Amino acid sequence: MSLIELEALVAGYAQPATAPCSLRLARGEIVGLWGSNGAGKSTLLKALVGLARIHGGRVLRSPGLQLTFLPQAPVRLAEMPLTGHEFLAFAGADCLPPPASLAARLDQRLDALSGGEFQLLSLWASLAVGADLVLLDEPTNNLDLAHLTLAREEILAGSSTRGCLVVSHDRDFLDALGARIVNVQSGRSHG
Amino acid sequence: MFSRVGHMDEIFHFPFLTGLLLAALLPVLGNLLRLRDEWLAALGLAHLAAAGGLLALACALPVMAGAISGALLGVAGKSGRAGRSNSAYAVMVLAGWSAGMLLAANSAVGEALAHAVVDGQLYFSGHGELLASAGLACIVWPALRWLTPRLIAGRLMPAQEKASAKAAWRWHLGFDILVALAVAIATACVGLMASFALLFIPSWLAFSRARNWRQTNLLASAISVLAYLAAFFLALHFDQPFGPTLCALLVLLLPLVGMGKK
């Protein structure tokens, strides 16, 4: 059974910004939304959580579906006197133990983390809350090659228990995740 | 004022305990206000609380009731569509200040009483003010244990709050009301600027020094209480107004923000 199903979904803001997009996503699946800049990949994702408008088509959700969403630019304040441990606890991200590479930095204040480390922490905070469906908007932002590997490991950890919809301009990263690719410009699945 | 060294006259017990409770409590709210980038809202609410208190005085009503009403009016404005911005908070400051000063100038309240509200009248606090502060503490501490994780998660992961489809407005409004009550009671007891200073400066200092959130709360409260104790006794000993003395002491601590930082 699908966790979520999009039927010719057209998303946008004041005006439609995407071509109609159809897809199904089941538990244990990773779907990659891929396309050129300006195709509306992020807008589609935002429409699923009410941050963008739905102009056409429809979204079918399984009953009681729990969603979590990592935006393209996680909130990073100039002053954040919280440790990574506290951040994960406040976010309720305690369904999975954090990866060792991340755990080693969890005693640091958030504002002492590098951009890549903070991105990995935010990614983990979205993955470990135990949601049925995880929506990730450009999760590889700010990540160098080593961090890209860690991000892939984070997304694959426990992936059989949830569905994952990933927006990325990085086709190699989506392929490394084993994601089924949906080209947003055409709205047709190629995977 | 002191019957012998180290012993305070009984008439100062109520004011001392009232101020002590507020000094411990306000910085914890200030930390959340700072994290939410709403510290200017505290100044806006304090001005509206002062105006409400003055209006109550002019109408021969309890100052506390007027101050709470004024601050809650600010919460209503803050909950509006364009209410959560520094521009809106600045309007609250200006509206509260002008209303308060005009009320003072055009009523029997007079400027002297207006100064009392703005500068604070802690040494005239009685058991009513102490009860209000203790009641506030009894509400704020348990409420913050529940609210803090939600407010912090909402601040750092606002999209997640939207995605989870939870009625987050309830805890944001709940926090706004807590702050309004605290600011109103503090304004009626220690004055407008001293209330704001207790919400603003200890948090600023703690944010720059603490290693985690728990330490941020402890450090901010400790700074606030120490500054309060010093201000209370210095103002009494040298016959100075309490509010400006406290503000001056807190401002003198500000160089600590940059000290020792890389």
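The values are calculated or read from the model by the stated rules, or taken from the named source; none is laboratory data. The shown structure was predicted, so the numbers you read here are calculated from the model rather than taken from an experiment. Glycine also receives a Cβ, built like all others from the backbone with ideal geometry; neighbour counts cover every protein chain displayed. Just the protein is used for accessible areas: all its heavy atoms, side chains included, with ligands, DNA and RNA removed. Shrake-Rupley method; radii C 1.70, N 1.55, O 1.52, S 1.80 Å.
Using DSSP, restrict attention to beta bridges with both residues in chain A and report what percent are antiparallel, rounded to the nearest 5.
Numbers: 16 of 33 bridges.
Here the share of antiparallel DSSP bridges comes out near 50 percent.
Centre-to-centre, using Cα atoms only, the stretch B:40-94 and the stretch A:64-134 are separated by 37 Å. By the helix-only formula, in which each DSSP H run with n ≥ 4 contributes -39500 (n - 2.57) and the sum is divided by residues, the protein assembly as shown has a 222 nm mean residue ellipticity of -18500 deg cm²/dmol. Across peptide B:143-155, the average count of Cβ atoms from other chains found within 10 Å of a residue's Cβ is 2. Under 5 Å from the amide H of A:His55 lie the amide H atoms of A:Val10, A:Ala11, A:Gly12, each residue being 5 or more positions distant or on a separate chain, with H modelled from the backbone and absent for Pro and chain starts. Highest mobility in the GNM of chain B, judged by mean-square fluctuation with C-alpha springs under 10 Å and restricted to B:Ala76, B:Ala184, B:Ala104, is found for B:Ala76.
In this rough spin-label picture, where each label sits 7 Å from Cα along the Cβ direction, the A:Asp111-B:Phe124 distance is 4.0 nm.
Can you give the FRET efficiency to the nearest 0.05 for A:Gln72 and B:Arg214, using r as the Cβ-Cβ distance and R₀ = 25 Å? Before the final figure, lay out the partial values.
Working: r = 31 Å, r/R0 = 1.25.
It comes to 0.20.
Which number comes out as Rg/Rh for the stretch B:1-99 once both Rg and the Kirkwood Rh are worked out on C-alpha atoms? Numbers along the way, then the final one.
Numbers: Rg = 16.8 Å, Rh = 15.1 Å.
With Rg and the Kirkwood Rh in hand, the quotient comes to 1.11.
Placing a label point 7 Å from the Cα of A:His169 along the Cα-to-Cβ direction, the residues of the stretch A:24-47 whose backbone N falls under 18 Å from that point are A:32-46. With the convex hull constructed from alpha-carbon coordinates only, chain B shows a mean projected area of 15.0 nm² over all directions.
Set the Förster radius R0 to 22 Å, insert the Cβ-Cβ distance between A:Val59 and A:Cys95 as r into 1/(1 + (r/R0)^6), and round the FRET efficiency to 0.05.
Values: r = 25 Å, r/R0 = 1.13.
Result of the calculation: an efficiency of 0.30.
To the nearest 10, the accessible area of B:Phe242 is 10 Å² with a 1.4 Å probe. Ranking A:Ser168, B:Tyr228, B:Leu40 by how far each Cα lies toward the positive end of the dipole of the protein assembly as shown (charges on Cβ) leaves A:Ser168 at the top.
Using the crude model of +1 on Lys and Arg Cβ and -1 on Asp and Glu Cβ, and no other charge, please compute the dipole size for chain B relative to its Cα centre, in debye to 20.
Working: 17 positive and 10 negative charges, 292 e Å.
Here the size comes out at about 1400 debye.
Taking amide hydrogens as placed 1.01 Å from N in the peptide plane, the amide H of A:Ala26 sits under 5 Å from those of A:Leu3, each at least 5 positions away in sequence or on another chain.
Highest GNM mean-square fluctuation among A:Leu156, A:Leu88, A:Leu65, for chain A modelled with Cα contacts below 10 Å: A:Leu65.
Note on A:Asp144/B:Leu94: beta-carbon distance plugged into 1/(1 + (r/R0)^6) with R0 of 51 Å gives a FRET efficiency of 0.60. In the complete set of protein chains, residue-level accessible area for B:Lys162 is approximately 100 Å², probe 1.4 angstrom.
Taking Rh as the Kirkwood radius, which is the inverse of the mean 1/r over Cα pairs, what is the Rg/Rh value for the stretch A:2-189?
On the way: Rg = 16.2 Å, Rh = 16.8 Å.
That ratio is 0.97, to two decimals.
Beta bridges assigned by DSSP with both partners in the protein assembly as shown are antiparallel in approximately 50 percent of cases.
Beyond 18 Å, how much of the Cα-Cα pair distribution for the stretch B:184-242 remains, as a whole percent? When all Cα pairs of the stretch B:184-242 are counted, 41 percent exceed 18 Å.
Peptide A:86-96 is shielded by partner chain Cβ atoms: per residue, an average of 4 of them sit within 10 Å of its Cβ. Would you mind telling me the share, in percent, of accessible area of the stretch A:2-189 contributed by carbon and sulfur at probe 1.4 angstrom? Within the stretch A:2-189, the accessible surface is 51 percent carbon and sulfur. Measuring nothing but how far apart in sequence close Cα pairs (under 8 Å, 6+ apart) lie, relative to its length, chain A scores a relative contact order of 32 percent. Per residue of peptide B:198-210, the mean number of Cβ atoms on other chains within 10 Å of the residue Cβ is 1.
Using only Cα coordinates, the Kirkwood hydrodynamic radius of the protein assembly as shown works out to 24.3 Å.
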